[in-house]
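Enquirer: Next up is a structure, given as structure tokens.
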Amino acid sequence: MEYLSTRDRTLRRSAAEAIAMGLSRDGGLFTPASFPKFGVLEAEALCGMPYFRGAAYIMGKFLDDFRPEELEWFSEEAYGGGRFDTPAVAPMRKVDGKTWCLELWHGPTSAFKDMALQMLPRLLTASLKKTGEKKTACILVATSGDTGKAAMEGFADVEQVKILTFYPENGVSEIQKLQMVTQEGRNVGVCAVKGNFDDAQNGVKRIFSDPDIREELAERGYFLSSANSINWGRILPQIVYYISAYCDLLNAKAIKLGEAVNFCVPTGNFGNILAAYYAKRMGLPINRLICASNCNDVLTDFIRTGVYDRNRPFHTTMSPSMDILVSSNLERLLFDMSGGKDELVREYMDQLARTGRYEVTAGMKQRMQEVFWGGFCNEEDTAAAVARMYQNGYLIDPHTAVAAKVLEDYRRETGDRTVSVFVSTASPYKFCDSVLSAIGETPAENSVDRIGQMAEITGVTAPERLAALKSKTPRFSQVTEREKMEDVVLEFLK
Ligand SMILES: *Cc1c(COP(=O)(O)O)cnc(C)c1O
């Protein structure tokens, strides 16, 4: 199967090339030229398989330059062998008769990023071999908190790869920061940026598109690659759990074969919900995709009006992984909604860069609204949703709470009674401070102590790795001005 750049459809690459490159040279994102079909009968067959086997099967449809045994092997390494704290990998929890929660945080860093970032290193190293690349990949990550840790965990000590993570100095939780600065591995680096997530992300994009740096690094034997969700190898493994969730609903007899369901996804960079959309494009019976935002509600407005406008205040919230004003993966949706019109995507991205705003055609807006519904949740309502769920016996994190609340709003406004799944993207233990406050407790002084405190109060077991942070020593303390990120990269690859 071929992959096209969203900004130039004549630029075609194999899956291995697309994964090795990360971002296309023209700044576009690699997107499959067509969508392999997934029949409901296949769903039935998948229902009996362990997660890793289903993952290899589904990914194989997109990766025809990988052998099936190869994918099974990667998949078993990524999702088997006790890396996840449950054999289900992505278990579903029943909330009420019509509502389920898909828990995506059972991996090593307790956030949903593990679902893709345990797989990406395996796909990437194989892709480097397949494309004959001899240079070392330097992965630059801009993170709003969870990606950096999950990427370093996935890539630590992987051959032919170095990884450098930039995070916004004051834009991540204490626990997230501690997780990153204590990361082990010979090939990892971590640096804080004075600014917000968009500043960090823009810095990384600037470095990627700088021909001088590219040349300098090539001379040193490196090339730049990405583990951000712009990489196709990040999106693909995420398609799998929407299909597995559907199977779980079938297995639980919550739906009949072929019956459509809704997914409500707490959204930042638009990678997770895009994977759900791709699952729908493959034929998975999905009725509505509900895009849930926090008070950084640029996507809510976009879905409702067709106008994307990033010219608005940036809010730091208790769901920091969604504090984003420019959602990179939206570009892939634009490409698809426009029927693959690369010149239109280029035009929108150009307007976005120049003015911070663009408006899609009436046809695109209509097609988008047929599938997507957008809503947002402010801080007060997020805390209230955490408290309400807790009273009903379910401890959730603020990102998940945003989705739970927006799903309620969606149902109230539309009257839709379709079986719905809201997606849980982080363990509540990654955000003890906000969760404790939301359930009416006073968080302990020290952020690491809050983990034990919350376990005691709620009786919910904390993920082992988070509990172990207590005894770790920080390895990284560098902070940089956002204009100086280039220097940090050159220093790291000396
Ligand atoms: C990354 C992240 C999100 C946002 O996912 P996108 O794919 O960027 O939309 C939501 N919640 C958590 C906890 C995350 O780590």
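Here, each number is a calculation from the coordinates, and none is a lab measurement. Note that the structure is a prediction, hence the values are computed from the model and not measured. Every residue, glycine among them, receives a Cβ derived from its backbone with ideal geometry; neighbour counts consider all protein chains shown.
Residues are listed down the side, and each one gets a yes or a no for (1) among the aromatic types (Phe, Trp, Tyr); (2) over 21 Å from the mean Cα position of the chain (by Cα); (3) farther than 15 Å from Arg475 by Cβ:
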residue	(1), (2), (3)
Val172	no, no, yes
Ile175	no, no, yes
Gly185	no, yes, no
Val188	no, no, no
Lys194	no, yes, yes
Val204	no, no, yes
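Enquirer: I'm trying to understand the selection: among the residues of segment 280-292, which are within 14 Å of the ligand (Cβ to nearest atom) and not β-branched (Val, Ile, Thr)? Steps first, answer last, please.
Expert: Narrowing segment 280-292 to residues within 14 Å of the ligand (Cβ to nearest atom): 289-292.
Scanning segment 280-292 gives Leu289, Cys291, Ala292.
Enquirer: Hey, another quick one. On the given criteria, is Tyr410 more than 16 Å from the ligand (Cβ to nearest atom) and closer than 19 Å to Gly268 by Cα? If you could, list the steps in order and put the result at the bottom.
Expert: On the way: more than 16 Å from the ligand (Cβ to nearest atom): yes; closer than 19 Å to Gly268 by Cα: yes.
Taking the combined requirement at face value, the residue satisfies it.
Enquirer: Would you confirm whether any residue within segment 424-443 is among the polar types (S, T, N, Q), touching a strand residue (DSSP E or B) at 6+ places or on another chain (Cβ under 6 Å) and either more than 16 Å from the ligand (Cβ to nearest atom) or without any contact (Cβ under 8 Å) to a residue 40 or more places away in the chain (or both)?
Expert: Pass one, segment 424-443, residues among the polar types (S, T, N, Q): 424-425, 427, 434, 437, 442.
Going one step further and asking which of them are touching a strand residue (DSSP E or B) at 6+ places or on another chain (Cβ under 6 Å), we end up with 424-425.
In the following step, the residues that additionally are either more than 16 Å from the ligand (Cβ to nearest atom) or without any contact (Cβ under 8 Å) to a residue 40 or more places away in the chain (or both) were identified as none.
There is no residue in segment 424-443 that is among the polar types (S, T, N, Q), touching a strand residue (DSSP E or B) at 6+ places or on another chain (Cβ under 6 Å) and either more than 16 Å from the ligand (Cβ to nearest atom) or without any contact (Cβ under 8 Å) to a residue 40 or more places away in the chain (or both).
Enquirer: Can you report the number of residues in segment 186-204 which are outside any strand (DSSP E or B) and among the hydrophobic types (A, V, I, L, M, F, W, C)?
Expert: Step one: filter segment 186-204 for residues outside any strand (DSSP E or B), giving 186-187, 195-204.
Now drop any that are not among the hydrophobic types (A, V, I, L, M, F, W, C), which leaves 197, 200, 204.
Counting residues in segment 186-204 that are outside any strand (DSSP E or B) and among the hydrophobic types (A, V, I, L, M, F, W, C) gives 3.
Enquirer: Considering (1) surrounded by 21 or more Cβ atoms within 10 Å (Cβ to Cβ); (2) within 26 Å of Phe38 (Cα to Cα), say which one Pro285 fails and leave the rest.
Expert: Only one criterion in (1) surrounded by 21 or more Cβ atoms within 10 Å (Cβ to Cβ); (2) within 26 Å of Phe38 (Cα to Cα) is unmet by Pro285, namely (1).
Enquirer: Take the residues in segment 17-38 that are small (Gly, Ala, Ser) and part of a loop (DSSP other than H, G, I, E, B), then tell me which one is surrounded by the fewest Cβ atoms within 10 Å (Cβ to Cβ).
Expert: Filtering segment 17-38 for residues that are small (Gly, Ala, Ser) and part of a loop (DSSP other than H, G, I, E, B), the one surrounded by the fewest Cβ atoms within 10 Å (Cβ to Cβ) comes out as Ser34.
Enquirer: Follow-up question, since we're still on this one. Evaluate the following for Ser420: is it surrounded by fewer than 24 Cβ atoms within 10 Å (Cβ to Cβ) and not acidic (Asp, Glu)?
Expert: Details: surrounded by fewer than 24 Cβ atoms within 10 Å (Cβ to Cβ): yes; not acidic (Asp, Glu): yes.
So Ser420 fits the description; yes.
Enquirer: Consider only pairs whose beta carbons are under 7 Å apart and that are at least six residues apart or on different chains; among these, list those whose first residue lies in segment 75-91 and is under 17 Å from Leu120 (Cα atoms) and whose second residue is of a type in the set (Lys, Arg) and surrounded by 15 or more Cβ atoms within 10 Å (Cβ to Cβ).
Expert: Listed pairs, sorted by first residue: Glu77/Arg122; Ala78/Arg122.
Enquirer: Answer yes if at least one residue in segment 216-227 is hydrophobic (A, V, I, L, M, F, W, C) and assigned to a strand (DSSP E or B), and no otherwise.
Expert: Taking segment 216-227 first, the residues hydrophobic (A, V, I, L, M, F, W, C) are 217-218, 223-224, 227.
Going one step further and asking which of them are assigned to a strand (DSSP E or B), we end up with 223-224.
Yes.
Enquirer: Please go through segment 128-180 and pick out each residue that is free of Cβ contacts under 8 Å to residues at least 40 places away in the same chain and either within 16 Å of the ligand (Cβ to nearest atom) or buried (at least 24 other Cβ atoms within 10 Å of the Cβ) (or both).
Expert: Result: Met152, Thr165, Tyr167, Pro168, Lys177.
Enquirer: Residues that are over 22 Å from Arg450 (Cα atoms) and touching a Ser or Thr at 6+ places or on another chain (Cβ under 6 Å): list the helices (runs of 4 or more DSSP H) wholly contained in segment 99-185 that include at least 1 such residues. Spell out how you get there, then give the answer.
Expert: On the way: elements: 113-117, 120-130, 146-155, 174-181.
Passing ranges, in order: 113-117, 146-155.
Enquirer: For residues that are touching a residue at least 60 places away in the same chain (Cβ under 8 Å) and not in a loop (DSSP other than H, G, I, E, B), tally how many sit in segment 42-56.
Expert: Here the count works out to 6.
Enquirer: Still on this structure, please answer the following. Condition first: under 16 Å from Ile239 (Cα atoms), more than 19 Å from the chain's Cα centre (by Cα) and either part of a helix (DSSP H, G or I) or of a type in the set (A, V, I, L, M) (or both). Now tell me which residues in segment 57-71 satisfy that.
Expert: If the condition is that a residue be under 16 Å from Ile239 (Cα atoms), more than 19 Å from the chain's Cα centre (by Cα) and either part of a helix (DSSP H, G or I) or of a type in the set (A, V, I, L, M) (or both), then Tyr57, Gly60, Leu63, Leu71 are the ones that fit.
Enquirer: Of the numbered conditions (1) away from the ligand (no atom under 16 Å from the Cβ); (2) at negative phi; (3) surrounded by fewer than 21 Cβ atoms within 10 Å (Cβ to Cβ), Gly306 satisfies every one except a single condition; which is it?
Expert: With respect to (1) away from the ligand (no atom under 16 Å from the Cβ); (2) at negative phi; (3) surrounded by fewer than 21 Cβ atoms within 10 Å (Cβ to Cβ), Gly306 is out only on (2).
Enquirer: Moving on. Restricting to segment 229-247, name every residue that is in contact with a strand residue (DSSP E or B) (Cβ under 6 Å, 6 or more places away or on another chain) and either within 11 Å of the ligand (Cβ to nearest atom) or free of Cβ contacts under 8 Å to residues at least 40 places away in the same chain (or both). Give the derivation first.
Expert: Applying the first criterion (in contact with a strand residue (DSSP E or B) (Cβ under 6 Å, 6 or more places away or on another chain)) to segment 229-247 yields 230, 232, 245.
Result: Ile230, single match.
Enquirer: I've got another one for you. Please go through segment 289-342 and give me each residue that is among the charged types (D, E, K, R) and farther than 25 Å from Tyr246 by Cβ, ordered by number. If you could, list the steps in order and put the result at the bottom.
Expert: Here is the first cut: in segment 289-342, the residues among the charged types (D, E, K, R) are 297, 301, 304, 309-310, 312, 323, 331-332, 336, 341-342.
The answer is Asp297, Asp301, Arg304, Asp309, Arg310, Arg312, Asp323, Glu331, Lys341, Asp342.
Enquirer: Name the residues in segment 74-97 that are surrounded by fewer than 16 Cβ atoms within 10 Å (Cβ to Cβ) and of a type in the set (A, V, I, L, M), would you?
Expert: Hit for segment 74-97 is Ala88, nothing else.
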